[in-house]
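Structure, as C-alpha coordinates:
The values are calculated or read from the model by the stated rules, or taken from the named source; none is laboratory data. Not measured: the values here are computed from a predicted model. FYI the Cβ positions are ideal-geometry reconstructions off the backbone, even for glycines, and counts take in every protein chain you see. Accessible surface is based on the protein model in full, side chains and every heavy atom, while ligands, DNA and RNA are left aside. Shrake-Rupley method; radii C 1.70, N 1.55, O 1.52, S 1.80 Å.
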Amino acid sequence: MTRDETATIGYYVHHVGSGHRHRAGVLAARLRREGIAVTGLSSLPRPDGWVGDWVRLPPDDDGDPRDVTADGHLHWAPLLHDGTRSRAAALSAWLESARPDLVVVDVSVEVLLLARLHGVPAIGVVLPGRRDDRAHLLGFGVAEALVGFWPRTAGDMTPGLPDDLRDRLVPVGALSRHPVRPALRTRSHGRERTVALMLGSGGHDVSADDVRLARGATPEWRWHVLGADRGTWVDDPSAVLAGADVVVTHAGQNALAETAAARRPAVVLPQARPHDEQRATGEVLAHGWPAVVRTAWPEAGEWSDVLDRAAALDPRPWTQWCDGWAADRFADVVLATRDRVSARPTP
(Lines give C-alpha, C1' and ligand atoms only; values in the text may rest on other atoms or scores of the structure.)
Protein backbone atom coordinates (compact mmCIF):
# COMPACT_ATOMS: atom_id res chain seq x y z
CA MET A 1 0.00 0.00 0.00
CA THR A 2 1.32 3.42 -0.92
CA ARG A 3 1.71 5.85 1.96
CA ASP A 4 -0.37 8.94 1.27
CA GLU A 5 -2.42 11.65 2.90
CA THR A 6 -5.54 9.48 2.91
CA ALA A 7 -4.06 6.83 5.19
CA THR A 8 -5.72 6.67 8.61
CA ILE A 9 -4.73 4.88 11.78
CA GLY A 10 -6.75 4.80 14.97
CA TYR A 11 -5.17 4.95 18.41
CA TYR A 12 -7.27 3.77 21.34
CA VAL A 13 -6.13 5.55 24.51
CA HIS A 14 -6.98 4.02 27.89
CA HIS A 15 -8.24 6.63 30.34
CA VAL A 16 -6.27 5.60 33.46
CA GLY A 17 -2.72 6.95 33.73
CA SER A 18 -0.98 9.40 31.44
CA GLY A 19 1.38 7.04 29.60
CA HIS A 20 -1.22 5.85 27.06
CA ARG A 21 -2.02 9.43 26.03
CA HIS A 22 1.65 10.39 25.83
CA ARG A 23 2.47 7.41 23.61
CA ALA A 24 -0.42 8.26 21.30
CA GLY A 25 0.83 11.83 20.92
CA VAL A 26 4.41 10.77 20.19
CA LEU A 27 3.34 8.18 17.60
CA ALA A 28 0.90 10.61 15.94
CA ALA A 29 3.65 13.22 15.57
CA ARG A 30 6.03 10.63 14.14
CA LEU A 31 3.50 9.26 11.62
CA ARG A 32 2.56 12.74 10.40
CA ARG A 33 6.02 12.79 8.83
CA GLU A 34 4.87 9.80 6.76
CA GLY A 35 1.66 11.57 5.68
CA ILE A 36 -0.48 9.37 7.92
CA ALA A 37 -3.28 10.79 10.06
CA VAL A 38 -3.88 9.33 13.51
CA THR A 39 -7.33 9.55 15.11
CA GLY A 40 -7.48 9.35 18.89
CA LEU A 41 -10.20 7.15 20.40
CA SER A 42 -10.79 7.60 24.12
CA SER A 43 -13.15 8.65 26.87
CA LEU A 44 -10.51 11.24 27.77
CA PRO A 45 -10.93 14.78 26.41
CA ARG A 46 -8.90 15.79 23.40
CA PRO A 47 -5.36 16.62 24.62
CA ASP A 48 -3.94 20.07 24.11
CA GLY A 49 -1.82 20.14 20.97
CA TRP A 50 -3.37 17.03 19.41
CA VAL A 51 -3.31 17.36 15.63
CA GLY A 52 -6.01 15.38 13.85
CA ASP A 53 -9.35 13.90 14.78
CA TRP A 54 -10.29 12.83 18.28
CA VAL A 55 -13.35 10.67 18.95
CA ARG A 56 -14.64 11.14 22.51
CA LEU A 57 -16.09 7.83 23.64
CA PRO A 58 -18.84 7.43 26.25
CA PRO A 59 -17.56 6.15 29.62
CA ASP A 60 -18.29 2.54 30.53
CA ASP A 61 -17.28 2.63 34.20
CA ASP A 62 -19.98 4.88 35.66
CA GLY A 63 -23.11 3.91 37.53
CA ASP A 64 -23.13 0.40 38.97
CA PRO A 65 -21.24 -1.89 36.56
CA ARG A 66 -21.95 -5.59 37.07
CA ASP A 67 -20.68 -8.88 35.68
CA VAL A 68 -17.85 -6.96 34.04
CA THR A 69 -15.64 -9.94 33.10
CA ALA A 70 -18.12 -12.33 31.45
CA ASP A 71 -16.98 -15.09 33.81
CA GLY A 72 -13.31 -14.25 33.30
CA HIS A 73 -13.33 -14.28 29.50
CA LEU A 74 -13.02 -10.46 29.28
CA HIS A 75 -11.62 -7.67 31.44
CA TRP A 76 -14.28 -4.96 31.27
CA ALA A 77 -17.64 -5.41 29.55
CA PRO A 78 -20.37 -4.55 32.09
CA LEU A 79 -23.63 -6.36 31.45
CA LEU A 80 -26.69 -4.31 30.46
CA HIS A 81 -24.74 -1.06 30.81
CA ASP A 82 -25.72 1.92 28.65
CA GLY A 83 -22.16 3.24 28.46
CA THR A 84 -20.76 -0.09 27.32
CA ARG A 85 -23.31 -0.34 24.53
CA SER A 86 -22.85 3.29 23.45
CA ARG A 87 -19.06 3.01 23.57
CA ALA A 88 -18.99 -0.06 21.33
CA ALA A 89 -21.47 1.59 18.96
CA ALA A 90 -19.33 4.73 18.72
CA LEU A 91 -16.23 2.68 17.95
CA SER A 92 -18.11 0.64 15.37
CA ALA A 93 -19.44 3.79 13.72
CA TRP A 94 -15.95 5.23 13.46
CA LEU A 95 -14.51 1.98 12.09
CA GLU A 96 -17.21 1.98 9.41
CA SER A 97 -16.90 5.63 8.45
CA ALA A 98 -13.12 6.09 8.68
CA ARG A 99 -12.15 2.69 7.22
CA PRO A 100 -8.77 2.80 9.02
CA ASP A 101 -5.76 0.84 7.86
CA LEU A 102 -5.32 -0.44 11.40
CA VAL A 103 -5.91 0.45 15.04
CA VAL A 104 -3.32 0.63 17.81
CA VAL A 105 -4.93 -0.42 21.10
CA ASP A 106 -3.33 0.97 24.26
CA VAL A 107 -4.82 -0.89 26.13
CA SER A 108 -8.04 -2.95 25.97
CA VAL A 109 -8.72 -6.57 25.19
CA GLU A 110 -12.29 -5.63 24.27
CA VAL A 111 -11.21 -3.02 21.70
CA LEU A 112 -8.72 -5.46 20.18
CA LEU A 113 -11.57 -7.93 19.71
CA LEU A 114 -14.00 -5.31 18.43
CA ALA A 115 -11.55 -4.10 15.78
CA ARG A 116 -10.83 -7.62 14.60
CA LEU A 117 -14.55 -8.48 14.47
CA HIS A 118 -14.91 -5.52 12.10
CA GLY A 119 -12.12 -6.95 9.97
CA VAL A 120 -9.71 -4.17 10.98
CA PRO A 121 -6.18 -5.24 11.92
CA ALA A 122 -5.02 -4.19 15.37
CA ILE A 123 -1.72 -3.80 17.20
CA GLY A 124 -1.82 -4.48 20.92
CA VAL A 125 0.28 -2.56 23.42
CA VAL A 126 1.46 -4.98 26.10
CA LEU A 127 2.07 -3.70 29.62
CA PRO A 128 4.45 -5.36 32.06
CA GLY A 129 3.15 -7.93 34.50
CA ARG A 130 1.37 -11.25 34.29
CA ARG A 131 -0.65 -11.24 31.08
CA ASP A 132 -1.41 -14.95 30.82
CA ASP A 133 -5.08 -14.86 31.87
CA ARG A 134 -7.82 -15.94 29.42
CA ALA A 135 -8.79 -12.43 28.41
CA HIS A 136 -5.25 -11.31 27.62
CA LEU A 137 -4.52 -14.48 25.66
CA LEU A 138 -7.68 -13.97 23.62
CA GLY A 139 -6.99 -10.31 22.85
CA PHE A 140 -3.30 -10.73 22.14
CA GLY A 141 -4.04 -13.77 20.03
CA VAL A 142 -6.13 -11.80 17.51
CA ALA A 143 -3.69 -8.88 17.31
CA GLU A 144 -1.52 -8.62 14.22
CA ALA A 145 1.45 -7.40 16.29
CA LEU A 146 2.36 -6.75 19.92
CA VAL A 147 4.51 -3.90 21.25
CA GLY A 148 6.17 -3.44 24.64
CA PHE A 149 7.79 -0.25 25.89
CA TRP A 150 10.95 -1.61 27.46
CA PRO A 151 14.33 -2.51 25.96
CA ARG A 152 15.29 -5.90 24.65
CA THR A 153 18.00 -5.97 27.32
CA ALA A 154 15.43 -5.86 30.14
CA GLY A 155 14.63 -9.03 32.02
CA ASP A 156 11.32 -10.85 31.94
CA MET A 157 8.74 -8.05 32.00
CA THR A 158 5.81 -10.38 31.21
CA PRO A 159 6.25 -13.52 33.33
CA GLY A 160 4.03 -16.35 32.20
CA LEU A 161 3.38 -15.04 28.70
CA PRO A 162 3.25 -18.03 26.32
CA ASP A 163 6.16 -18.46 23.93
CA ASP A 164 4.07 -17.95 20.79
CA LEU A 165 2.98 -14.51 21.99
CA ARG A 166 6.38 -13.65 23.42
CA ASP A 167 7.92 -14.36 20.01
CA ARG A 168 5.54 -11.79 18.44
CA LEU A 169 6.19 -9.14 21.07
CA VAL A 170 8.49 -6.33 19.89
CA PRO A 171 10.21 -4.43 22.73
CA VAL A 172 10.86 -0.94 21.32
CA GLY A 173 12.38 0.62 24.44
CA ALA A 174 10.96 3.18 26.82
CA LEU A 175 9.20 6.03 25.05
CA SER A 176 9.64 9.50 26.54
CA ARG A 177 8.07 12.73 25.30
CA HIS A 178 11.29 14.52 26.19
CA PRO A 179 14.70 14.36 24.49
CA VAL A 180 17.28 12.20 26.21
CA ARG A 181 20.04 13.99 28.11
CA PRO A 182 23.71 13.13 28.60
CA ALA A 183 24.35 10.58 31.33
CA LEU A 184 26.43 12.48 33.87
CA ARG A 185 28.22 10.17 36.30
CA THR A 186 28.34 12.70 39.15
CA ARG A 187 26.68 15.98 40.01
CA SER A 188 28.48 19.16 41.02
CA HIS A 189 29.49 19.40 44.67
CA GLY A 190 29.18 22.21 47.15
CA ARG A 191 25.43 22.71 46.79
CA GLU A 192 22.25 21.45 48.33
CA ARG A 193 21.18 18.13 46.83
CA THR A 194 17.72 17.82 45.36
CA VAL A 195 15.19 15.02 45.04
CA ALA A 196 12.21 15.03 42.67
CA LEU A 197 9.24 13.04 43.95
CA MET A 198 7.06 12.08 40.98
CA LEU A 199 3.87 10.26 41.96
CA GLY A 200 1.90 10.30 38.69
CA SER A 201 -1.78 10.33 37.77
CA GLY A 202 -2.56 6.61 38.00
CA GLY A 203 -3.00 6.52 41.77
CA HIS A 204 -0.58 5.89 44.63
CA ASP A 205 -0.50 4.93 48.30
CA VAL A 206 1.78 7.76 49.44
CA SER A 207 0.14 10.12 51.93
CA ALA A 208 0.91 13.77 52.65
CA ASP A 209 2.18 12.68 56.08
CA ASP A 210 4.57 10.20 54.45
CA VAL A 211 6.09 12.99 52.37
CA ARG A 212 6.21 15.45 55.30
CA LEU A 213 8.04 12.96 57.52
CA ALA A 214 10.53 12.05 54.78
CA ARG A 215 11.31 15.71 54.12
CA GLY A 216 11.72 16.41 57.83
CA ALA A 217 14.14 13.51 58.19
CA THR A 218 16.35 14.67 55.28
CA PRO A 219 17.26 18.33 55.88
CA GLU A 220 20.29 17.91 53.62
CA TRP A 221 17.95 17.34 50.65
CA ARG A 222 15.58 19.77 48.96
CA TRP A 223 12.39 18.05 47.77
CA HIS A 224 10.34 18.92 44.69
CA VAL A 225 6.96 17.17 44.88
CA LEU A 226 5.27 16.50 41.52
CA GLY A 227 1.91 14.85 40.97
CA ALA A 228 0.91 14.22 44.56
CA ASP A 229 -2.41 15.98 43.89
CA ARG A 230 -3.94 18.57 41.58
CA GLY A 231 -1.95 21.32 43.24
CA THR A 232 1.40 19.68 42.54
CA TRP A 233 0.67 18.22 39.11
CA VAL A 234 3.15 19.34 36.42
CA ASP A 235 2.41 18.31 32.84
CA ASP A 236 6.05 18.67 31.80
CA PRO A 237 8.41 17.62 34.62
CA SER A 238 11.52 17.41 32.41
CA ALA A 239 13.28 20.49 33.80
CA VAL A 240 12.76 19.40 37.41
CA LEU A 241 13.93 15.86 36.67
CA ALA A 242 17.03 17.07 34.85
CA GLY A 243 18.02 19.21 37.83
CA ALA A 244 17.47 16.52 40.47
CA ASP A 245 20.20 14.42 42.04
CA VAL A 246 17.69 11.60 42.63
CA VAL A 247 14.18 10.92 41.33
CA VAL A 248 11.73 9.12 43.59
CA THR A 249 8.97 7.60 41.49
CA HIS A 250 6.50 4.78 41.11
CA ALA A 251 7.17 2.08 38.51
CA GLY A 252 4.79 3.31 35.82
CA GLN A 253 6.11 3.21 32.28
CA ASN A 254 5.78 6.92 31.57
CA ALA A 255 7.45 8.01 34.81
CA LEU A 256 10.33 5.58 34.28
CA ALA A 257 10.76 6.67 30.66
CA GLU A 258 11.04 10.30 31.70
CA THR A 259 13.41 9.46 34.56
CA ALA A 260 15.57 7.44 32.18
CA ALA A 261 15.50 10.20 29.56
CA ALA A 262 16.72 12.64 32.21
CA ARG A 263 19.49 10.14 33.06
CA ARG A 264 18.94 10.45 36.79
CA PRO A 265 19.30 7.65 39.36
CA ALA A 266 16.07 6.68 41.02
CA VAL A 267 14.30 5.31 44.03
CA VAL A 268 11.46 3.21 42.60
CA LEU A 269 8.35 2.41 44.65
CA PRO A 270 6.12 -0.01 42.70
CA GLN A 271 2.41 0.65 43.31
CA ALA A 272 -0.43 -1.84 43.34
CA ARG A 273 -1.74 -2.34 39.81
CA PRO A 274 -3.74 -5.05 38.05
CA HIS A 275 -1.73 -8.04 36.84
CA ASP A 276 1.28 -7.02 39.01
CA GLU A 277 2.32 -4.47 36.40
CA GLN A 278 4.55 -2.31 38.58
CA ARG A 279 5.75 -5.17 40.75
CA ALA A 280 7.10 -7.00 37.69
CA THR A 281 8.82 -3.82 36.54
CA GLY A 282 10.37 -3.30 39.97
CA GLU A 283 11.72 -6.85 40.01
CA VAL A 284 13.48 -6.19 36.70
CA LEU A 285 14.85 -2.80 37.77
CA ALA A 286 16.35 -4.28 40.93
CA HIS A 287 18.94 -6.13 38.83
CA GLY A 288 21.54 -3.90 37.22
CA TRP A 289 19.56 -0.73 36.58
CA PRO A 290 20.24 2.64 38.27
CA ALA A 291 17.42 2.30 40.77
CA VAL A 292 16.98 1.49 44.43
CA VAL A 293 13.74 -0.51 44.47
CA ARG A 294 11.63 -0.55 47.63
CA THR A 295 8.40 -2.48 47.93
CA ALA A 296 6.99 0.06 50.41
CA TRP A 297 7.53 3.70 51.35
CA PRO A 298 10.62 3.76 53.62
CA GLU A 299 10.37 4.78 57.24
CA ALA A 300 11.41 8.38 57.89
CA GLY A 301 14.73 7.35 59.44
CA GLU A 302 15.66 5.30 56.36
CA TRP A 303 15.38 8.08 53.81
CA SER A 304 18.87 9.58 54.15
CA ASP A 305 20.48 6.22 53.48
CA VAL A 306 18.07 5.38 50.64
CA LEU A 307 18.74 8.69 48.87
CA ASP A 308 22.50 8.41 49.39
CA ARG A 309 22.49 4.91 47.91
CA ALA A 310 20.53 6.08 44.89
CA ALA A 311 22.73 9.15 44.36
CA ALA A 312 25.79 6.90 44.23
CA LEU A 313 24.41 4.82 41.35
CA ASP A 314 25.79 5.16 37.84
CA PRO A 315 22.93 6.55 35.67
CA ARG A 316 24.50 5.45 32.40
CA PRO A 317 22.54 2.17 32.10
CA TRP A 318 19.42 4.32 31.51
CA THR A 319 20.84 4.89 28.02
CA GLN A 320 19.78 1.32 27.26
CA TRP A 321 16.33 1.68 28.85
CA CYS A 322 15.49 4.85 26.92
CA ASP A 323 17.79 5.60 24.00
CA GLY A 324 15.59 8.16 22.23
CA TRP A 325 14.59 5.92 19.30
CA ALA A 326 11.51 4.18 20.68
CA ALA A 327 9.10 6.38 18.69
CA ASP A 328 10.81 5.39 15.45
CA ARG A 329 10.75 1.69 16.35
CA PHE A 330 7.08 1.99 17.32
CA ALA A 331 6.29 3.67 14.00
CA ASP A 332 8.27 0.98 12.15
CA VAL A 333 6.11 -1.74 13.77
CA VAL A 334 2.92 0.12 12.82
CA LEU A 335 3.99 0.74 9.22
CA ALA A 336 5.38 -2.77 8.70
CA THR A 337 2.20 -4.31 10.11
CA ARG A 338 -0.01 -2.18 7.89
CA ASP A 339 2.03 -3.01 4.79
CA ARG A 340 2.20 -6.72 5.64
CA VAL A 341 -1.56 -6.99 6.15
CA SER A 342 -2.37 -5.05 2.97
CA ALA A 343 -0.06 -7.30 0.95
CA ARG A 344 -1.53 -10.51 2.36
CA PRO A 345 -3.10 -12.55 -0.46
CA THR A 346 -6.74 -13.50 -0.30
CA PRO A 347 -7.36 -17.20 0.30
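Within the range 290-308, count every residue that is outside any helix (DSSP H, G or I) and open to solvent by less than 30 Å² (accessible area, probe 1.4 Å).
Matching residues across the range 290-308 total 4.
Looking only at the range 98-139, which residues are in contact (Cβ under 8 Å) with a residue 24 or more places away in the chain, open to solvent by less than 10 Å² (accessible area, probe 1.4 Å) and either outside any helix (DSSP H, G or I) or of a type outside the set (A, V, I, L, M) (or both)?
LEU102, VAL103, VAL104, VAL105, ASP106, ILE123, VAL125, VAL126, PRO128, GLY129, GLY139
Scan the range 146-172 for residues that are assigned to a loop (DSSP other than H, G, I, E, B), hydrophobic (A, V, I, L, M, F, W, C) and farther than 15 Å from ASP132 by Cβ and jot them down. Lay out the reasoning, then the answer.
Going through the range 146-172, the residues assigned to a loop (DSSP other than H, G, I, E, B) turn out to be 149-162, 172.
Pick out the ones that are also hydrophobic (A, V, I, L, M, F, W, C) and you get 149-150, 154, 157, 161, 172.
Passing the criteria: PHE149, TRP150, ALA154, VAL172.
Are there any pairs with C-beta distances below 7 angstrom linking a residue in the range 245-258 that is over 16 Å from ALA286 (Cβ atoms) and of a type in the set (Asp, Glu) to a residue that is part of a helix (DSSP H, G or I) and open to solvent by less than 10 Å² (accessible area, probe 1.4 Å), with the two at least 6 apart or on different chains, and if so which?
Final answer for the pair search is GLU258/LEU241.
Just checking, how many residues over the range 233-264 are part of a loop (DSSP other than H, G, I, E, B) and open to solvent by 20 Å² or more (accessible area, probe 1.4 Å)? Can you show your working first?
First pass over the range 233-264, keeping only residues part of a loop (DSSP other than H, G, I, E, B): 233-237, 244-245, 250-252, 263-264.
Applying the additional criterion that residues be open to solvent by 20 Å² or more (accessible area, probe 1.4 Å) yields 233-236, 250.
So the answer is 5.
Can you tell which of ARG87, ARG46 is in contact with a strand residue (DSSP E or B) (Cβ under 9 Å, 6 or more places away or on another chain) and modelled with pLDDT of 95 or more?
ARG46
Among what's in the range 140-159 and is without any contact (Cβ under 8 Å) to a residue 60 or more places away in the chain and more than 22 Å from GLY288 (Cα to Cα), pick the residue that is surrounded by the most Cβ atoms within 10 Å (Cβ to Cβ).
Checked the range 140-159; the qualifying residue surrounded by the most Cβ atoms within 10 Å (Cβ to Cβ) is ALA143.
I'd like the full set of residues that are hydrophobic (A, V, I, L, M, F, W, C) and either at pLDDT below 90 or part of a loop (DSSP other than H, G, I, E, B) (or both), limited to the range 192-209.
The initial filter retains those residues of the range 192-209 that are hydrophobic (A, V, I, L, M, F, W, C), namely 195-199, 206, 208.
Result: LEU199, VAL206, ALA208.
Taking the conditions exactly as written (of a type outside the set (Val, Ile, Thr), farther than 17 Å from LEU117 by Cα and buried (at least 17 other Cβ atoms within 10 Å of the Cβ)), does LEU95 satisfy them or not?
On the way: of a type outside the set (Val, Ile, Thr): yes; farther than 17 Å from LEU117 by Cα: no; buried (at least 17 other Cβ atoms within 10 Å of the Cβ): yes.
The answer is no for LEU95.
Hey, could you check the range 309-335 for residues that are in contact with a strand residue (DSSP E or B) (Cβ under 8 Å, 6 or more places away or on another chain) and assigned to a helix (DSSP H, G or I) and say which is surrounded by the fewest Cβ atoms within 10 Å (Cβ to Cβ)?
In the first step, residues of the range 309-335 are kept if they are in contact with a strand residue (DSSP E or B) (Cβ under 8 Å, 6 or more places away or on another chain); the result is 309-311, 313, 329-330, 333-334.
Within this subset, residues satisfying the condition of being assigned to a helix (DSSP H, G or I) are 309-311, 329-330, 333-334.
On the way: ARG309: 13, ALA310: 22, ALA311: 20, ARG329: 17, PHE330: 24, VAL333: 19, VAL334: 24.
Step by step, filter the range 309-335, then rank; the result is ARG309.
Output the residues belonging to the range 336-347 that are in contact (Cβ under 8 Å) with a residue 12 or more places away in the chain and open to solvent by 90 Å² or more (accessible area, probe 1.4 Å).
ARG340 - this is the single residue of the range 336-347 that is in contact (Cβ under 8 Å) with a residue 12 or more places away in the chain and open to solvent by 90 Å² or more (accessible area, probe 1.4 Å).
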